[in-house]
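Derivation of every value follows stated rules applied to the coordinates shown; laboratory data play no part. What you are looking at is a predicted structure, and each value in this text was computed from that prediction instead of being measured. Glycine gets a Cβ as well: all are built from the backbone with ideal geometry, and neighbour counts include every protein chain shown.
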Amino acid sequence: MYTSEDVDDIAVDIVPRSTKESVKFSRVQLEDYIINYCSKYGNFVARHPLIIFLLGLIPSLIASSGIGMIRLTTDPVELWSSPGSDAREQKEFFDNNFGPFYRTEQIIIVPKDQTFWEREDSSNFLKKVRIGPVFRK
């Protein structure tokens with residue numbers, strides 16, 4: 001495992017000493033610049049909280065302004081068939097002449113034994129709980 005000193009020693013062999021020193025100097029300059037910039041930015045934010053708040057609020061309001069004009073379509077006929085398609089025209093003809101036809105399907109499952117039963121409550125063994133026939137095994 002190399003440490004930072006090992007890397008610097010290796011860099012001395014590959015890079016001339018003057019270049020290595022200039023890289024270190026520019027790294028220090030960059031760190032100083034970042035520190036000064038962040039300090040100035042932090043002071044500005046602390047002194048002008050309303051401006052910072054509005055700079056965040058205004059773009060979010062602009063981005064969300066179109067939500068009032070949104071039109072949600074939940075009708076599957078409008079979602080999956082174009083207005084001029086044969087299937088859509090035939091469905092409209094059928095609905096106008098015979099009444100709307102809803103393609104809903106239901107299955108109702110009823111247990112043979114319709115009696116309620118009691119079992120012990122899992123949190124309180126002294127208490128009995130009345131259970132409906134649906135939950136019988």
Here FRET efficiency (C-beta to C-beta, ASP95 to MET69, R₀ 22 Å, nearest 0.05) is 0.15
A correct Kirkwood calculation over the Cα atoms of region 25-110 returns a hydrodynamic radius in Å of 20.1
Other residues with Cβ under 13 Å from the Cβ of ASN97 give, with Lys and Arg +1 and Asp and Glu -1, a net charge of -2
Per the rule of 0.36 nm per residue minus the C-alpha distance, extending LYS128 to ASN36 adds in nm 26.0 nm
Under 15 Å by backbone N from the virtual spin label 7 Å along Cα-to-Cβ at ARG88, the residues of region 38-75 are 73-75
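Quick check: residue separation of SER26 and LEU55 times 0.36 nm, minus the Cα distance between them. What number comes out in nm?
On the way: separation 29, 0.36 × 29 = 10.44 nm, distance 3.37 nm.
Gain on extension, SER26 to LEU55, equals 7.1 nm.
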